[in-house]
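Visitor: A single structure is presented below for examination.
Bear in mind these aren't lab numbers, they're just calculated from the coordinates by the rules spelled out. Predicted model, so just to flag it, every value in this text is computed and none were measured. Heads up, the Cβs are rebuilt from the backbone with ideal geometry, glycines too, and the neighbour counts pull from every protein chain shown.
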There are 2 protein chains.
Amino acid sequence: MIERTFDQHISRQFNNELEHLRQQMMAMGGIVEQMLRQAVQALIESDTALAQVVIDTDDQVNQIEKKLDEECTLVIARRQPAASDLRLIFAIIKAISDLERIGDEAEKIARWAISLADYSRPRNDYRELELLGHTVLDMLRQGLDGFTRLSPEVAIELKNQDKKVDQEYETIFRQYYSYMMEDAGQIRRILDALLVAKSMERIGDHCKNLGEYVYYLVQGHDVRYETARQMQDSLDLESSEE
Amino acid sequence: MIERTFDQHISRQFNNELEHLRQQMMAMGGIVEQMLRQAVQALIESDTALAQVVIDTDDQVNQIEKKLDEECTLVIARRQPAASDLRLIFAIIKAISDLERIGDEAEKIARWAISLADYSRPRNDYRELELLGHTVLDMLRQGLDGFTRLSPEVAIELKNQDKKVDQEYETIFRQYYSYMMEDAGQIRRILDALLVAKSMERIGDHCKNLGEYVYYLVQGHDVRYETARQMQDSLDLESSEE
């Protein structure tokens, strides 16, 4: 197994640069995590002021993405890193892009939270969206944590969770569909709530991607489009070879 | 202005590698373009066999993405390119990711085409989706073409078109909403059609991204999150300085 840590470099300066990139990515991840938590809270509590905070933060996240992309390019150009270091930088570049998209989805959820605040609330206070929101928030934490602990298993865990999120989205879709059939006066509100669920489902996809980058970074191969089973088999095979 | 062409390299071999990467990206773009065209056609003509072709092709596109990502990494590791060449490779890496996501959306449209084929068709045969589909197909062609002609103006053009696509999606959303209100028996079908429109709107976003990568590649700076006006001003400023 290729052990990748952040302190193996001959050049301490280069090592610092890589660690700095990773830290900035983690800081961006922290901001996006907060956006998502606030967006879910704004939705559940009809807190339009909090929703506005999320919307305003998205701009900041977009600027961080640009800045980090540029820094990654500069580090490659200046350091001409070997393949294994390039892998780290590539994993960071890809993760940044998914984090930015999670921020976009959080912003959209916040906009729908504002729109939904105009309507009367359902009896269960969107409990199903709260649960789904907390599931993907937890996935995001795990994905970011994977970049700290460098554990390839996180990819398998997130792939399995993403499947559950997809199923949960399907359940919500069917439920909302039947609500619309029952009461046409609720269609507009339910459409907005459905798009919130769709955004959360997409966030699950992006978190699954984060796991795949960690796997790629640690194991050195790309597992996008492989099943959780294939990933697990390849980890098992490796540990039996050791 | 930094003139970027594909034949300026000291090393002919390196030049060939870069050109090969670009050609493969264009070939991938060609496949995705065909998927999107077929998905729209399958929807309009209730052609479930054609929809299945699109679904089957998505796997192939995913594999091409993985392969091209790997080749880009290898070229960087082997050639240790200067910043300007890195820019080309980065633009390709980013474009590949958007093309793959356009392929995903085309696959989803194909799945909804299959689902919608079970329902009676509206009188206008989803004319609004056909038009929106052709608009984003045209945007995709322009984005790919931008990588051949290396014209930064394509970024401005695509940004403006994306805004129109967003407006068109909003119009469709309101229209479908009123259909649902009128006839609850149609809700399920209209929900599927609405998600088709949403997928097309997302394809517009990805095409806008392609334009931004071309701009970045040619002009050397990142214009994501800038307005079309800001981009045009900076092009005008440059030509007045020449």
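Visitor: Spin-label point model (7 Å from Cα, Cβ direction): what's the A:Ser120 to A:Ser84 distance in nm?
Guide: Here the answer is 6.5 nm between the modelled labels.
Visitor: For chain A, modelled as a GNM with alpha-carbon contacts under 10 angstrom, which of A:Met181, A:Met28, A:Met200 fluctuates the most?
Guide: In the Gaussian network model the winner is A:Met181.
Visitor: In the P(r) worked out for chain B, what percent of Cα pairs fall beyond 28 Å? Show your work: numbers first, answer last.
Guide: Details: 11209 of 29161 pairs.
Of all Cα-Cα distances in chain B, 38 percent exceed 28 Å.
Visitor: How large is the Kirkwood hydrodynamic radius of the protein assembly as shown, counting all unique pairs of alpha carbons, in Å?
Guide: The Cα-based Kirkwood calculation yields 23.6 Å.
Visitor: Between the helical axis of A:127-149 and the dominant principal axis of chain A, each derived from Cα atoms, what acute angle in degrees is found, rounded to the nearest 10?
Guide: Between the helix axis and the principal axis of chain A, the angle is about 10 degrees.
Visitor: How much length would be gained if the chain were fully extended between A:Glu182 and A:Gln167, taking 0.36 nm per residue of separation minus their Cα-Cα distance, in nm to one decimal?
Guide: On the way: separation 15, 0.36 × 15 = 5.40 nm, distance 2.30 nm.
Stretched fully, the A:Glu182-A:Gln167 segment lengthens by 3.1 nm.
Visitor: Between B:Gln175 and B:Glu19, what is the spin-label point distance in nm, taking each point 7 Å from the Cα along the Cα→C-beta axis?
Guide: Rounded to a tenth, the inter-label distance reads 4.6 nm.
Visitor: Between A:Ile187, A:Ile31, A:Ile93, find the one with the highest GNM mean-square fluctuation for chain A; connect C-alpha pairs within less than 10 Å.
Guide: It is A:Ile187.
Visitor: Still on this model: Which is farthest toward the positive dipole end of chain A among A:Val61, A:Ser234, A:Ser151, measuring Cα position about the Cα centre, with Cβ charges +1 (Lys, Arg) and -1 (Asp, Glu)?
Guide: Selected residue: A:Val61.
Visitor: Further, regarding this structure: If you build a Gaussian network model of chain B, linking Cα atoms that sit under 10 Å apart, which residue out of B:Tyr126, B:Tyr169, B:Tyr216 swings the most?
Guide: In this elastic network of chain B, the residue with the biggest mean-square fluctuation among B:Tyr126, B:Tyr169, B:Tyr216 is B:Tyr126.
Visitor: Which whole-Hz ³J(HN,Hα) couplings does segment A:197-203 yield from phi under the Karplus relation 6.51 cos²θ - 1.76 cosθ + 1.60, θ = phi - 60°, glycine and proline marked x?
Guide: Listing the rounded values in order: 4, 4, 4, 5, 4, 5, 4 Hz.
Visitor: In degrees, nearest 10, range 0 to 90: what is the angle between the Cα axis of helix B:228-241 and the longest Cα principal axis of chain B?
Guide: Result, in degrees: 30.
Visitor: So for segment B:12-241, if I pair up every lysine 8 or more residues apart or on another chain, how many of those pairs have alpha-carbons under 21 Å apart?
Guide: Total qualifying Lys-Lys pairs in segment B:12-241 comes to 14.
Visitor: Further question on the same structure: About the Cα centre, and with charges only on the beta carbon of Lys, Arg (+1) and Asp, Glu (-1), how big is the dipole of segment A:12-241? Nearest 20 debye, please. Don't jump to the answer; show the numbers that get you there.
Guide: On the way: 28 positive and 42 negative charges, 33 e Å.
Approximately 160 debye in magnitude.
Visitor: Taking segment B:70-157, which trypsin sites (Lys or Arg not before Pro) meet the DSSP loop condition and have no more than 10 other C-beta atoms within 10 Å? Could the numbers behind the result be given before it?
Guide: Working: sites: B:Arg78, B:Arg79, B:Arg87, B:Lys94, B:Arg101, B:Lys108, B:Arg111, B:Arg123, B:Arg127, B:Arg141, B:Arg149; in loops: B:Arg123.
Those that pass, being in a loop and sparsely packed, are B:Arg123.
Visitor: I would also like to ask the following. Starting from the 7 Å offset along Cα-to-Cβ, what nm value, one decimal, do you get for the label separation of A:Asp236 and B:Tyr225?
Guide: Placing both labels 7 Å along Cα→Cβ, they lie 4.5 nm apart.
Visitor: Which of the listed residues, B:Ser84, B:Met25, A:Leu132, is farthest toward the dipole's positive end in the protein assembly as shown, when Lys, Arg count +1 and Asp, Glu count -1 at the beta-carbon?
Guide: Of the listed residues, the answer is A:Leu132.
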